[in-house]
Amino acid sequence: MKIERSWEGWRGVSLVAITYVYFLIFAQFGFLKHLASIGIEGNSLKTVMGAMAAGGILASLFASRISAGGSAHRRLQTALSGCALAAGFALLRLDLVESVAVSFLIGSALGVLTVTLVTHLRSWIGGTRPLLKVGLGTGIGYLVCNCPQLFDASPRTQALVSAAFCVLGIGIANRMLAEIPATDPPSRQAAAPSFLLVLACFTALVWLDSAAFFIIQNTPALKKGTWEGTIHLWVNGGLHFTAALGSAWLLRRRGLEVTLAVAFGFLAGACLLLSDPARAALASGFYPLGVSLYSVALVAYPSFLAPAATVAQRGRKAGLIYAVAGWVGSALGIGMGQNLGHIPLAFVLGAAALFLSPWLWRFFKHRKRESLVTAALLAIAFGVQRVASLYTGMHRQPATRTLVEFGHQTYISEGCINCHSQYVRPNSPDVIMWGPAESVDAVLHEQPPLIGNRRQGPDLAEVGDRRSLLWLKAHFINPAAVSHSSFMPSYAYLFRDNRGDALVAYMESLRSAGGREHRIQVAEAWSPSPEAVEMAHHIDGALLFHEYCATCHQADGATRVAWQKGFRRLPPNLAAGPLLYVPISADPAWRLKRISEIIKFGLPGTDMPGHEYLPGVQVAAIAEWVAGLAGHR
Amino acid sequence: MNPKGLARENLQDTLHGEWPGVFVTAAWHSLAWLAAANLVGVLLATLLLFPGLNNWLGEWTYGRWMPVHINLQLYGWCSLPLAALLMKVYQVDLEPVARWSRAAFWAWSAALTVGSLSWLTGHSSGKLFLDWTGYARVFFPTAIALLWLLLAWSLRCHWTDKENSPRLVRMIKTTGLALLFLVPLVLYWSADPRVYPPVNPATGGPTGASQLESTLAIVAILLMLPFAISHRKPASSRWRSIAGTAFAVEVLLCIALGRGNNSHHRPAQFLSLGSVLLWVPLIPAYYRSFEWPANSRRWQLGWLCWWVLLVPTGWCLFLPGLLDHFKYTDGLVGHALMAMAGFVTSLLIFLLVVLLGEDGKIFAARWAFIMWHGSTLGYIAIMFLSGWIEGYNPMFAMVPGAGRNVIYSARLVLGALMTVASLSWLLRASRLVRAQPASVRPEASMDLPAARDLASAKAL
């Protein structure tokens, strides 16, 4: 008996799955591909899709009032027949007017199908675990759509399969159960949010979904990173299925508010990640999770969760949700994708406020005094800050700053001080590595002094004399490409505007008068200790050269090719020579010492950086290996 | 409703108290910021070990999270219990001001949230520990000013109370209030990029005089704290006198040192800083001259042990040679951790336990105590080891290697354990905020037997 009851809702599960398959693979996907294949694009495409939206909106709004077709299962069968017919028409070569008509038919049939299905879903899905069954139906629908064989099929195959599913649905819808109350109403139903708020939340979700979908579809790099390839599609299908079941669990255990908020979290994350194609892989994980989470709620809410005194009232609510949230939300999302090409952060934040509003409202109700006092303080502080900035001129416009000043501000903004010092301690090994030392007065002249208190990277007090502009820029963009296994984050994003160039300019300005001369003197006076030279081995040198020097000197190094235009002078081929700074005719011992000097301190005025932090034995090992290359023999 | 609940409700009505009260709210906000700061710390440790993860964070990279981690510890966890202490001193836990106290904590937390967003979006003054800039630089002092207003209002309301009747008490409280008025102004001023403290020319760090000043500020808090939350043992006034005299002498010494840019190589600097060693035995002896509740003993022992470890190591690390070796390395970060995670955290929990009374049981879990202290000790040991190596070989910190990665892994694990402990305290505090207290007692200064009598009477 128990087994029988648990199977009783298979018709409902199947109908939900069929509806989703038809909508996703044909109406949203296959039909568009078909239109593209017959040359309908631009404004014509907008007209055709507008007809679909108009049909969908009208049918959704009036579906609950339609009594033609008799009982609910007859209306559903009629709608499924309309869907199948439209898919059949799509197999033909249509002109613009015919496409508009077919598109209108798809929209209106879908409108009637969805509203009728959710209004009477209790009669197909039964009273046992209805939310789980809705989740199952939705999950199966998405899983089927993500089958590579169907997803990558021709528009013709997709139309045929969709039509076949509709025909199957006509048979399944033939029998209805007696409507009985659901046995697993959600635990938080008592605190159900208002219908208008839910409508707004669904609209925002569909809006985000459609915008993200459009952007992915029309950006090859994103499309490649999200839903191209068999494995990708199976993973997406699996994620959809899991999220759909998770949504059913969430709806039952945590209620609609939490489910929609979680769905929004994933979708918003995906939308923000899509702004960078490099993060498309992560977005491809977030997107299906968010979509399936809300898709289940989109069926479950009007069917089981929305308070409704009569079936007609349930139908009207369903119609409103699908007309406004479904069709209008979708059109707005596509419009955003078309016109902006991205989803603005402000829009995502605004939507976040909408989803958080029930909690914020409850917080305000319970903490009125705290909320009002905090709001008052926020306002007071805002006023005080405006007045203070007027009087002190704290906020000069960026246009009035020099590039170096802007770079100084960027250094502060990025928190560089947390890993880099700008203070060479006098009479310490700092002087040799990062020197020369400046007076305290000179250091305090900068406002604020950026002395720092921790070195997880080199001291930068004199970096302008130690590194070239090219090196600095390359290092900011990809630190590990120029500095062996550097764990500094990439600051490539600073170069999307002028912050990167400003930071480089600021770095270059970090130098003191006589700094270069000091460095030359220190380099000339320095040599690896005899113990270091004795311990050094050219085999170690080869390895170290590969790690520290091959970024630029590798004969066929890709890095060097990428920077070729930027080099003041191309790094020499050390194997072939000739070497400008180490004459071949010089004494071998002097040459070895000179190579060590260059490795340790670089060549001031060129792009050759020093490796100040390398111990003498490692410098000596590299020097020994370099000296043994053909160019030196 | 059960009799306890009824009794409690009646009590609340009578005393106009609201749940959660001042100290429970303070504990919850403090712990929330401790947990948040620790979670950010775990993120930072993860980024050190897996720097590629920075690419997933967009512009919110390691450097922008660092001020969030440090400032949430400093202005959230370390400051809010002290705000609760001030509320105790100025009787803000009594009506009619008590009901506004929660607003002060929420405003403070709102200011920290605004600050965190400001640092994450790249707004900083560039001054370590004083990163406030722009709107956040105004909002946070405004939130502190609200606390000051509550203190002033409460002093006015309770001016004629028995507790404030001695002239000396009124004078001290009024003077204190006048000094506290300066706090938001000083905070705003000190965040100005044009203002900078004296610099030790040999290291670029603070001078001995600055270190002595800040140590004496801590000592001053330690000396005043028992008067606010405890009772004196009549027979032990000798240690209080000795401590008072020693403090006065040290203040004079500090004034005599001046505020120049002096090197730690100057004997006057490191020898005068050495005077703080006096407090190593004096503070434990001083605290023995006061009465303490039984449930605070574990935490008292904890912070006293850290104190005994902190002061001598702090002085040693300022000595010529040692400071030169450890400056800019993990060694000094380890000492800062000893101060903040070891000493200050134990002290603040001790303070909260005393203020919360029976509800101080939220800190009673032995496993969390051991986990916090064990992890902190392990973390410090690792940082000193790392600093010791770095002092000889700066490359150790800058270029990856197996040794460095093992240290970063250990830091991540230990940081995660500390976070677990802090989350467990926050969880218990959250339960306390949501549920009713075990004892039928308002947090107002009414003593327990009296509250019980009143509750019974009302219940009947």
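Structural remarks
- In order along the range A:458-472, the Karplus-derived 3J(HN,Hα) couplings, from 6.51 cos²θ - 1.76 cosθ + 1.60 at θ = phi - 60°, round to x, 5, 10, 4, 10, 5, x, 8, 9, 9, 7, 4, 4, 4, 4 Hz, and Gly and Pro are given as x.
- Between the beta carbons of A:Glu98 and A:Leu340, assuming R0 = 30 Å, the FRET efficiency works out to 0.40 to the nearest 0.05.
- Counting only lysines at least 8 places from B:Lys173 when in the same chain, those with an alpha carbon closer than 19 Å to its own are B:Lys88, B:Lys162.
- Net charge, A:Gly515 excluded, C-beta distance under 10 Å - Lys, Arg +1, Asp, Glu -1: 0
- Only the Cβ atoms of Lys and Arg (+1) and of Asp and Glu (-1) were treated as charged; on that basis the dipole of the protein assembly as shown about its Cα centre amounts to roughly 3100 debye.
- With a 10 Å cut-off around each Cβ of B:195-207, the average count of Cβ atoms from other chains is 5.
- Taking Lys and Arg as +1 and Asp and Glu as -1, the other residues whose beta-carbon sits under 15 Å from that of B:Ser237 total +4.
- Placing unit charges on the Cβ atoms of the charged side chains and taking the dipole of the range A:526-627 about its Cα centre, the candidate lying farthest along the positive direction among A:Leu614, A:Val533, A:Phe601 is A:Phe601.
- Take the Cβ atoms of B:Thr175 and A:Arg568, set R0 to 56 Å, and the FRET efficiency comes out at 0.25.
- Shielding by other protein chains, A:426-437, mean Cβ within 10 Å: 2
- Magnitude of the charge dipole for chain A, about its Cα centre and with charges confined to Cβ atoms of Lys, Arg (+1) and Asp, Glu (-1), is about 2820 debye.
- The charge dipole of chain B, taken about its Cα centre with unit charges on the Cβ of Lys, Arg, Asp and Glu (plus for the first two, minus for the last two), comes to roughly 620 debye.
- Helix axis angle, A:515-525 relative to chain A longest principal axis, alpha carbon, degrees: 60 degrees
- The range A:310-356 and the range A:553-632 have their alpha-carbon centroids 62 Å apart.
- Classification of the protein assembly as shown by its C-alpha gyration tensor yields an oblate form. The axis ratio a/c (a ≥ b ≥ c) is 1.5 or more, and b/c is at least a/b.
- Accessible surface buried upon B-A contact (total; probe 1.4 Å; Å², nearest 100): 5400 Å²
- Residues of the range A:353-395 buried by at least 50 Å² of accessible area upon assembly of all protein chains, compared with the chain on its own (1.4 Å probe): A:Arg367, A:Arg369, A:Glu370, A:Val373, A:Thr374, A:Leu377, A:Leu378, A:Ala381, A:Gln385.
- Surface exposure of the range A:403-516, expressed per residue as accessible area with a 1.4 Å probe, stands at 34 Å².
- Mean ellipticity per residue at 222 nm, deg cm²/dmol - from DSSP H runs of n ≥ 4 across chain A, formula -39500 (n - 2.57): -20500 deg cm²/dmol
- Residues of type lysines that A:Lys224 reaches as a straight line, Cα spacing below 23 Å, ignoring anything fewer than 8 places off in the same chain: A:Lys33
- Averaged over the residues of peptide B:321-329, the number of Cβ atoms from other protein chains lying within 10 Å of each residue's Cβ is 3.
- Carbon and sulfur %, accessible surface of the range A:5-343 computed with the full protein complex present, 1.4 Å: 67 percent
- Report note on the peptides A:569-579, B:277-287: ranked by the mean count of other C-beta atoms within 10 Å, highest first, their order is B:277-287, A:569-579.
- Each Lys or Arg adds one and each Asp or Glu takes one away; over the other residues whose Cβ falls under 12 Å from the Cβ of A:Gln447, this sums to -1.
- Extension gain (nm, one decimal) between A:Ala281 and A:Arg74, 0.36 nm per residue minus Cα-Cα: 70.1 nm
- When the charge dipole of the range A:255-405 is built from unit charges on Cβ atoms (+1 for Lys and Arg, -1 for Asp and Glu) and taken about the Cα centre, the candidate among A:Ser357, A:Trp327, A:Ala281 whose Cα reaches farthest toward its positive end is A:Ser357.
- Degrees separating the helix A:155-172 axis from the principal Cα axis of chain A, which is the longest one: 40 degrees
- C-alpha long axis of helix A:96-119 to longest principal axis of chain A, angle in °: 80 degrees
- Between A:Arg175 and A:Arg369, the FRET efficiency estimated from the beta carbon spacing at R0 = 60 angstrom works out to 0.50.
- The range A:389-486: GluC sites (Glu not before Pro) in DSSP loop, at most 15 other beta carbons within 10 Å: A:Glu446
- Scaled to the globular estimate 2.2 N^0.38 Å, the Cα spread of the range B:112-164, given as radius of gyration, is 1.65.
- Highest average packing first - B:354-363, B:203-212, Cβ atoms within 10 Å: B:203-212, B:354-363
- Dipole axis of the protein assembly as shown (+1 Lys, Arg; -1 Asp, Glu on Cβ), positive-most option in A:Gly229, A:Gly577, A:Pro436: A:Gly229
- Amide H contacts of B:Phe290 (H built 1.01 Å from N, under 5 Å, at least 5 apart or other chain): B:Lys233
The values are calculated or read from the model by the stated rules, or taken from the named source; none is laboratory data. Since the model is a prediction, treat every value here as computed from it, not as a measurement. Virtual Cβ from ideal backbone geometry, glycine too; neighbours counted across all protein chains shown. With ligands, DNA and RNA removed, areas are computed over all heavy atoms of the protein, side chains included. Shrake-Rupley method; radii C 1.70, N 1.55, O 1.52, S 1.80 Å.
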